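Student: Can you read through this structure? Questions will come right after.
Here, each number is a calculation from the coordinates, and none is a lab measurement. Quantities reported herein were computed from a predicted structural model and do not represent experimental measurements. Here the Cβ positions follow ideal geometry from the backbone for every residue, glycine too, while neighbour counts run over all protein chains shown.
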Amino acid sequence: MHMRWNDEITAEELQREVSPFYGIRVFPALDSTNTWLMEHADLPEGTVVIADGQSAGRGRNGRAFHSPAGCGIYLSVLLKPDSRMAVSLLVTAAAAAACAQAAEEIYGVSCQIKWLNDVLCGGRKIAGILCEGRLRAGSDVPSALVVGIGINVHAFERPAEIADIAGSLEEFAGERKPRRILAARFLNCFLQYYEKLERRTFLPFYRAHSAVIGKRVTVIGSREAYRADVLGIDRDCRLEVRRDSGETVYLSSGEISIRL
Ligand code: BTN
């Protein structure tokens, strides 16, 4: 058993360790940091909301994200990108790369990224990302984008439905470290990528850490599921796969998931 100690994140301490681009707000509990920030999307770009625990953490495709108090980093960043790029796909991938990079640097572990938005350690999911946006009326440019990340930092009791899938950095690395240090490294790393999003500076790291490139996977869409070979990830972060029929398909929908 590891020694337990209180691991509180305070806004003052974290603010000192991150770029002034960010404005940090910490809550003891929220239903969901993404929901809160979507409801306060008029706040400035760079606003970061962190909750010690979430009562209704949300994942992709309407799934719940288990967010026990004191165990993880539950964090959302408000962005106001001004470009027409497929921004949400790129931001999601950049956040996954930043999370994997921060975890590797701080815990000395090696991470893999499962397209699009899951970060794995030793085959178990340690983080997920949910990017949500509002579009400007009559345009495809988002007026606000909320990128939410949940990282399983300390060991936690896993409900049956995620018992075989989820893990935590503490369990994998065998070390307990303050959540604030990882949160700061993630935010600073993400900002470096976000500032150069058009140049895709995150992409070499993202591709090199891919858990799916070169693998045979099952693609699960809303209407069908099929087996395919993953050929690569293109500049827009679409997954390039070859179906058994020989057809090459580029996947970008948020509703698609990949099973290894
Ligand atoms: C997924 O695994 O499908 C994505 C999980 C995203 C969870 C984070 S925790 C902070 C933010 N608030 C939420 O309600 N969800 C995201």
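Student: Scan the strands (runs of 3 or more DSSP E) fully inside the stretch 59-153 and keep the ones with 3 or more residues being more than 24 Å from ILE258 (Cβ to Cβ).
Tutor: In the stretch 59-153, the matching strands (runs of 3 or more DSSP E) lie at 72-79, 142-152.
Student: Name the residue, out of VAL48, VAL109, that is under 27 Å from HIS209 (Cβ atoms) and in contact with a Cys (Cβ under 8 Å, 6 or more places away or on another chain).
Tutor: VAL109
Student: How many residues are in a strand (DSSP E or B), over 15 Å from VAL77 (Cα atoms) and more than 8 Å from the ligand (Cβ to nearest atom) if we restrict to the stretch 43-58?
Tutor: So the answer is 2.
Student: Still on this structure, I have one more. Acidic (Asp, Glu) and within 22 Å of TYR22 (Cα to Cα): does that describe GLU175?
Tutor: no
Student: Here's a follow-up. What's the total number of residues in the stretch 91-112 that are away from the ligand (no atom under 12 Å from the Cβ) and under 10 Å from the mean Cα position of the chain (by Cα)?
Tutor: 6
Student: Further question on the same structure: Could you tell me which residue of the stretch 123-176 is farthest from the ligand (Cβ to nearest atom), considering only residues that are among the β-branched types (Val, Ile, Thr) and crowded, with 19+ Cβ neighbours inside 10 Å?
Tutor: Per the stated criteria, the residue is VAL153.
Student: Just the residues that are free of Cβ contacts under 8 Å to residues at least 60 places away in the same chain, closer than 17 Å to ALA94 by Cα and not in a strand (DSSP E or B), please, taken from the stretch 214-252.
Tutor: Matches in the stretch 214-252: ASP234, ARG235.
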